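Each remark here refers to the structure printed beneath this line.
The values are calculated or read from the model by the stated rules, or taken from the named source; none is laboratory data. These numbers come from a predicted model, not from an experiment. Note: ideal-geometry Cβ built from the backbone for every residue, glycine included; neighbour counts use all protein chains shown.
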Amino acid sequence: MRSPSPDSQYEPPIRSETFAQPVKQIDIESDNMRLFVFNPNNRAFVEGAAHTPPLDGNGGCWFIWTMLFALWMVPFMLFGLPFLALVSNLSQRGVATQAIVISEHEVSSRSTAHYVLLRYTVSGQSYTTEQEVSDHTYQALAIGDDITIRYLPDDPRQARLSGANTDNSALTANISDVMMIALSLLIGIILCANAMRRDRQLTANGRIINGRLVDVKLTHSKSGYNLTLQYSFTSPVTGQSVIKSESISRVDLKKNSAPAAQTPVKVLFLNDKNYRLL
């Protein structure tokens with residue numbers, strides 16, 4: 001029997017471990033760092049240090065719109081409503097008399113306002129009053145014209161054009177502008193209040209689900225950087241993929257520090273109409 005050559009290579013026995021795949025060591029800390037928190041205020045909640053996320057700031061929106069509405073309506077209540085009351089009183093119990101147009105003038109800003117100055121006499125006492133009129137009335141009247149006005153018997157200084165020359169166009173236009181702006185502000189209040197209600201429902205009953213960044217844009221601004229993200233997640237309700245975009249100002253970010261596409265994110269989800277990126 002021939003003995004094995006000393007140059008022969010040793011081959012270990014074949015075992016099941018030979019075909020086992022190497023176990024990948026997961027760096028948990030590194031994996032957590034890859035998660036991107038869109039709003040830094042949500043970090044404590046995302047990391048489990050807080051039980052509920054902060055509200056989304058709609059309360060401040062509601063407060064601002066309410067203050068704007070109040071600031072707009074207070075002057076109207078102080079000046080507009082008394083003016084409306086004057087017109088109503090003149091039509092109901094005003095006394096008609098004759099007046100003379102003693103001057104006319106225009107004031108130009110964003111638009112041109114037309115004014116006429118009237119002189120009239122009540123019980124031997126002479127009064128003058130100035131009234132803003134439409135361009136049509138302004139062109140129709142001339143200095144020296146004798147026209148009809150109505151005045152309040154208990155306060156003859158309160159008087160306006162009457163009869164064929166009645167002109168409340170300026171008052172109507174101003175009230176229309178005031179009411180349109182007030183309506184816009186009121187709509188803003190309602191929208192903010194509704195957003196605040198939805199945010200409270202989401203904060204109280206929402207659950208955290210996983211998402212991924214689809215596209216990222218970081219642009220420089222005076223206050224820092226504006227971050228615009230497009231992200232996607234799978235709806236737990238319908239099972240459909242949802243893609244949404246959100247923007248935020250991030251003063252803590254620097255150039256080239258934006259997260260990459262496919263970076264994991266967390267989404268607070270209540271339903272397919274009420275959710276937000278954390």
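Points to keep in mind about this one:
- Selection within the range 124-144 - part of a loop (DSSP other than H, G, I, E, B) and more than 22 Å from S91 (Cβ to Cβ): G124, A142, I143, G144
- In the range 218-275, the residue that is farthest from N42 (Cα to Cα) out of those that are basic (K, R) and either at pLDDT below 90 or under 23 Å from the mean Cα position of the chain (by Cα) (or both) is K222.
- Check on A164, in a helix (DSSP H, G or I), surrounded by fewer than 14 Cβ atoms within 10 Å (Cβ to Cβ), over 43 Å from the mean Cα position of the chain (by Cα) and not polar (S, T, N, Q): yes
For (1) out of contact with any Leu (no Cβ under 7 Å at 6 or more places or on another chain); (2) surrounded by 11 or more Cβ atoms within 10 Å (Cβ to Cβ); (3) free of Cβ contacts under 8 Å to residues at least 40 places away in the same chain, each residue gets a yes or a no:
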{"residue": "S169", "(1), (2), (3)": "yes, yes, yes"}
{"residue": "S184", "(1), (2), (3)": "yes, yes, yes"}
{"residue": "T203", "(1), (2), (3)": "no, yes, no"}
{"residue": "I209", "(1), (2), (3)": "yes, yes, no"}
{"residue": "L213", "(1), (2), (3)": "no, yes, no"}
{"residue": "N226", "(1), (2), (3)": "yes, yes, yes"}
{"residue": "Y231", "(1), (2), (3)": "no, yes, no"}
{"residue": "I243", "(1), (2), (3)": "yes, yes, yes"}
{"residue": "K266", "(1), (2), (3)": "no, yes, no"}
